[in-house]
């Protein structure tokens, strides 16, 4: 098992900044990369805000918050990740984008470095095939919001070595997460189950079974879920939900995974959920 000290994060968005915060709080040195300055600056400052809020609420000390923040170094240069022991990609859930990122990381990061993806559905085996280190590629699917949710879904590609997989498991556990092991099938374990439920809730809305509010209320009170399926879809992002459903439908070739036409329509209209204020429900931006 490799000794991991320096972790690179690709993407300073909702997932990347959360992973960076948790990694820094558990003692890792972190380099946070984003290709866009506005995104990088916002992500970096958002982490400070979250750390300061936690200190104010007594979750940790102000000193610990300051030390954690000091461990995070933001950068606009992907080449700054060259000496990382582990790089976790947390970019948008687009196959071609991830393939391109991993091709570049394979050329930049030291040969012994592990490359992991936070993908929620895209094949780890396919991602690894875009590199010359397939044995050092794995999936680390964190849940949103990362500082709160306790799960990391580990995905082993066809060529992932025992050493690599045991290392990402150990890193996850040091971060205070529970690590579950899933095979490299479309959607893995979590989204193989979750996304069809969300998609069926969209079908119920589409077919007029009940209103969005009543569907969510029914599922919260009737099945003791903390968030209704349509509210959860808005939280995840309807564009992300559609992307995952497309992966399931294409990868498993079963009509039961066909994305609801209403979900496609909402995404086409730019209704992405909480991140832009309008999805199945309306939110303050």
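Grab the helices (runs of 4 or more DSSP H) fully contained in segment 155-272, keeping just those with 3 or more residues being within 27 Å of residue 13 (Cα to Cα).
In segment 155-272, 162-174, 190-206, 229-236, 238-252, 261-268 are the helices (runs of 4 or more DSSP H) which contain 3 or more residues that are within 27 Å of residue 13 (Cα to Cα).
Just checking, which of 76, 51 is touching a strand residue (DSSP E or B) at 6+ places or on another chain (Cβ under 8 Å) and either in contact (Cβ under 8 Å) with a residue 60 or more places away in the chain or farther than 29 Å from residue 187 by Cβ (or both)?
The conditions single out 76.
Got at least one residue in segment 133-140 being in contact with a strand residue (DSSP E or B) (Cβ under 7 Å, 6 or more places away or on another chain), within 30 Å of residue 54 (Cβ to Cβ) and surrounded by fewer than 19 Cβ atoms within 10 Å (Cβ to Cβ)?
No: zero hits.
Scan 146, 152 and give me the residue that is in a loop (DSSP other than H, G, I, E, B) and crowded, with 21+ Cβ neighbours inside 10 Å.
Exactly one residue qualifies, and that residue is 146.
Considering only residues that are under 21 Å from residue 167 (Cα atoms) and part of a helix (DSSP H, G or I), which ones fall in segment 97-114?
102, 105, 106, 108 - these are the residues of segment 97-114 that are under 21 Å from residue 167 (Cα atoms) and part of a helix (DSSP H, G or I).
Name the single residue, out of those in segment 232-285 being buried (at least 19 other Cβ atoms within 10 Å of the Cβ) and within 14 Å of residue 186 (Cα to Cα), that is farthest from the chain's Cα centre (by Cα).
Applying the filter and picking the extreme gives 257.
Among the listed residues 179, 188, identify the single one that is under 15 Å from the mean Cα position of the chain (by Cα) and farther than 24 Å from residue 272 by Cβ.
Sole residue among the options that is under 15 Å from the mean Cα position of the chain (by Cα) and farther than 24 Å from residue 272 by Cβ: 179.
Every read-out reported here was derived from the displayed coordinates using simple, explicitly stated rules and does not represent laboratory data. Everything numeric here is computed off the predicted structure, so don't read it as measured data. All Cβ positions, glycine included, derive from the backbone under ideal geometry; neighbour counts span all protein chains shown.
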